[in-house]
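Each value in this text was obtained by applying a stated rule to the coordinates, not by laboratory testing. Note that the coordinates shown come from a computational prediction; the quantities given were computed from them, not determined experimentally. Don't worry about glycine lacking a Cβ; one is built from the backbone with ideal geometry, like all the others, and counts go over all protein chains shown.
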Amino acid sequence: MMGPRQVAQGALFYEFSIEDHVPTDHLLRSIDRFVDLGDMRRHLAPFYSSTGRPSVDPELMIRMLIVGYAFGIRSERRLCEEVHLNLAYRWFCRLDLTDPVPDHSTFSKNRHGRFRDSDLFRHLFESVVARCIAEGLVGGQTFASDASLIRADANKQYAAAKADWDPERIDVASAPRAVREYLEVLDDAAFGAASEVDPKFTSFA
């Protein structure tokens, strides 16, 4: 016998637990066992004002970014949409059914603001590595590095000879932020013992 037609009816009260709807073998449950962000608020405390409106919980933003990295969600706008809709994502981010999801613009503001100023991502990375060592996942005897060779977008037809090029023409102050940061660390020892190069041409393209 055909059952009755399903019609959505709003109820005044619901008994619902997100915990019960996340499978025990879900990837986020495995990740959640090792995510410890308890020290993050203390690390970020000096970068928040003591007055004004309460901010978005930084742990919520980090958990949402972990979801994005784990499931290949590269767009922060889409990440916010997925966390809004997906029960497992809400569970991992400690969001209830009625809790609002931060606006996507919040991530860029914090990434280029207090997250950068506090060096938060380096702090979290080192914490994760320390946890991996404690769990026996990392030995520390050997390591591997990866690199990519990228062809330069340069054209000799739009180049000046060394004798005609004046390095003082570069106005670093007017350069974009990413360029300024690159120039500031260009000669750091952390970038390896690069050999000195005497360029014959300087490309404008």
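Observations on the model:
- Applying both filters, DSSP loop and at most 14 other Cβ atoms within 10 Å, to the GluC sites (Glu not before Pro) of the stretch 115-175 gives Glu135.
- Measuring nothing but how far apart in sequence close Cα pairs (under 8 Å, 6+ apart) lie, relative to its length, the stretch 1-138 scores a relative contact order of 28 percent.
- Neighbour-limited loop hits for trypsin sites (Lys or Arg not before Pro), the stretch 92-166 (at most 14 other Cβ within 10 Å; DSSP other than H, G, I, E, B): Arg94, Arg151
- The stretch 51-124: chymotrypsin sites (Phe, Trp or Tyr not before Pro) in DSSP loop, at most 15 other beta carbons within 10 Å: Phe71
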